1. Set Lys and Arg Cβ to +1 and Asp and Glu Cβ to -1, take the dipole of the chain about its Cα centre, and tell me which of 584, 141, 82 lies farthest positive.
2. Which lysines, on any chain, are close to residue 13 with Cα under 16 Å apart, when same-chain ones fewer than 8 places away are left out?
3. Points 7 angstrom from Cα along the Cβ direction at residue 211 and residue 483: gap in nanometres?
4. Give me the net charge for the shell around residue 421: Cβ to Cβ below 11 angstrom, other residues only, Lys and Arg +1, Asp and Glu -1.
5. Below 8 Å between Cα atoms, with a sequence gap of 6+, how large is the relative contact order for segment 89-202 in percent?
6. What order do you get for 14, 271 when you list them from fewest to most C-beta neighbours inside 10 Å?
7. Roughly what angle does helix 578-591 make with the longest principal axis of the chain, taking Cα atoms, 0 to 90 degrees, to the nearest 10?
8. If you average 1/r over all unlike Cα pairs in the chain and invert the result, what Kirkwood radius do you get in angstrom?
Amino acid sequence: MILGTAGHIDHGKTALVKALTGVDTDRLPEERRRGITIELGFAPLMLEGVGTVGVVDVPGHEAFVRTMVAGAAGIDMALVVIAADEGVMPQTREHLAILEFLGVRRGVVALSKRDLVDAEWLELVREDVRGSLAGTALAAAPIVAVSAATGRGGGEGIDDLRDALAKVAATIPGRCSDDLFRLQVDRAFTVAGAGTVVTGTVWSGEVRRDAVVRVLPSDVTARVRGLQSHGSTVEAVAAGSRAAINLGGIERGDTPRGVTLVADAAWAPSTVLRADVTLMRNAPTLSSRTRVRLHHGTSDTAARLVAIGGSVAAESTRPVRVILDDPLTMRAGDRFVLRTAQPVATIGGGVVSDPAPPSRRARPWPAAGLSAPDRLSLIALEAGRRGVPRGSLSVRLGVAPREIDAVVASAAVEVLGDRVFDRGAAAQARDRVLEAVDAYHAEHPLEEGASIQSVRTGAGGVSPSALVEDALKRLVADQTLDVDMGLVRRHAWAPRPSPAQQQLLTALEHAVQAGGREPPSVSELTRAHINGSRREGGGGGGGGGGEGEGEGDVASLLRLSERRGRIVRVESDRYYSTQTVAELESALRVAMKPGQPYAPSELRDILAVSRKYLIPLLEFFDRQGVTERRGDARVFMHDEA
Ligand SMILES: Nc1nc2c(ncn2[C@@H]2O[C@H](COP(=O)(O)OP(=O)(O)OP(=O)(O)O)[C@@H](O)[C@H]2O)c(=O)[nH]1
Ligand SMILES: [Mg+2]
């Protein structure tokens with residue numbers, strides 16, 4: 001658990017941390033000389049019934065609010081320090097606003113320097129402080145009067161403060177470490193003999209010794225050589241704990257404050273995000289051209305907000321798109337603070353609602369405060385037929401991996417393989433598959449169906465996706481479509497020749513049959529029948545063949561006849577009637593002695609065909625397994641019985 005201080009300059013934050021922990025966190029010579037805090041200070045605090053709490057002491061100076069935000073990011077509770085002699089001051093208010101924007105909902109208020117005021121004044125200040133807290137998450141926080149300067153055992157009221165802190169800490173649910181690891185670096189230094197060491201608060205998940213971590217945004221990889229928490233060597237550090245990590249294979253310069261350590265592949269830096277932004281009462285109206293400073297964790301960058309309808313006004317919460325100058329590593333649910341440079345002021349803050357929109361033009365979500373399932377539905381809708389990788393959802397939705405299934409189940413999406421699709425996109429894919437099949441049937445009424453591959457490309461366009469595959473599977477499962485020998489057709493579809501085509505089909509079959517052992521080729525049939533029908537129909541436009549009759553038809557009709565078992569394709573351009581093929585085969589069976597090779601000339605006599613027809617027939621019977629080729633000769637093959 002992490003406790004962060006907050007409060008105006010000189011109000012006694014560092015003195016209180018020292019009284020509570022014994023650690024003077026103002027270590028820098030400049031801090032000592034000026035008597036103010038400049039850098040973040042860290043100290044362990046033992047709280048009864050709670051354990052060791054990591055304390056982050058922040059500076060109160062107005063020039064160091066950036067450092068204060070970095071320190072307050074990732075804390076569980078606040079120790080708001082207000083000097084009894086001065087009361088609520090500008091940075092008291094600013095720090096309270098920052099805590100509010102960062103979602104710090106628990107804390108204790110210390111009225112410090114009580115030795116400098118009398119009891120009556122103390123009560124007035126207490127009233128004033130209550131008033132300032134009204135309407136904030138800390139409205140009911142305990143207020144404890146303390147003095148770090150007087151009193152026995154480290155100061156007056158310190159024990160009460162410790163008790164109050166322990167009570168509040170006990171109400172804070174432990175963070176679950178069963179989540180993706182992330183740590184934001186707040187300090188990096190080189191330790192002689194060890195190398196690069198970084199410190200930070202583990203925001204989620206846990207990190208173990210020997211783990212491989214990535215440093216974002218640079219995406220440099222490093223190995224965790226050693227781990228410490230509160231000065232002791234440990235094997236693992238989990239969410240909500242301070243960690244000092246000795247990183248192998250990396251230079252100190254690769255890990256400045258503000259970089260993020262992660263392990264999972266889904267984390268990625270981004271320069272565009274969606275967020276719900278709230279502006280404070282005195283904030284200027286922000287147009288899409290206004291540059292503000294966005295503070296996230298220990299990093300900050302210039303940013304512009306784009307809201308639907310233009311600008312964001314003071315005292316409102318709006319869904320926006322945020323464009324960043326420098327990439328940040330964010331997760332949905334992350335909090336941030338917005339500040340302006342001129343004048344230097346905190347003006348608002350927000351919650352990330354999508355850390356990785358697909359483009360810099362992505363529209364803000366239609367409303368603020370959308371649930372994870374609603375955001376997932378929108379993300380899938382936006383992704384369309386590309387879908388969203390399932391592995392990206394934990395970061396993109398801000399939900400622990402173990403809870404993703406539940407979110408998916410209550411969103412308007414379908415999961416196919418490792419991607420999540422909008423339900424509408426799935427239905428659309430189904431329609432497109434049916435359209436592709438129907439279009440094929442309409443264009444090729446004599447064919448049995450379309451090849452699966454042509455349906456896939458027809459329905460999927462340039463990149464056939466899991467959606468099309470799934471649609472096909474479902475359509476076959478519910479018997480809307482049949483798949484047979486690699487052909488897809490409407491259930492119970494059968495080729496339907498028109499009366500004219502049926503007439504032509506009969507004529508073709510007759511011609512093949514009449515040709516006997518030397519039937520006409522497809523080309524010859526085409527010439528004869530097209531010319532024939534033209535001649536017949538020549539007198540008037542609509543007679544004879546009618547529409548759709550042509551070369552394609554002759555070939556299609558012959559294929560149809562073959563599928564119906566009437567004719568057999570013996571060579572690429574020639575069909576025989578099935579009956580003739582059977583006769584030829586039995587001629588071979590009768591004449592050829594098993595195991596004995598027959599030369600082509602002998603076979604020509606057996607089959608009683610001229611040379612032109614002989615070789616294609618022999619090759620056909622070879623393919624059929626009736627004969628086997630030995631040199632140029634053929635051996636009759638026994639039937640397996
Ligand atoms: N009399 C009195 N003086 C105090 C008390 N607490 C702190 N001080 C003095 O107030 C001054 C500021 O104290 P710090 O603890 O440095 O204040 P701070 O809030 O940490 O200041 P920044 O970190 O710079 O914002 C120091 O000179 C302290 O000695 C107190 O309880 N009583
Ligand atoms: Mg200080």
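Every read-out reported here was derived from the displayed coordinates using simple, explicitly stated rules and does not represent laboratory data. This one's a predicted model, so the numbers in the text were calculated from it and none came from an experiment. In this analysis, Cβ positions are derived from the backbone assuming ideal geometry, glycine residues included, and neighbour counts consider all displayed protein chains.
1. Towards the positive end, the residue furthest out is 584.
2. In chain and number order, the partners are 113.
3. Output for this residue pair reads 4.2 nm.
4. +2
5. 21
6. Placing the least packed residue first, the sequence is 271, 14.
7. 70
8. Radius from the Kirkwood sum: 31.3 Å.
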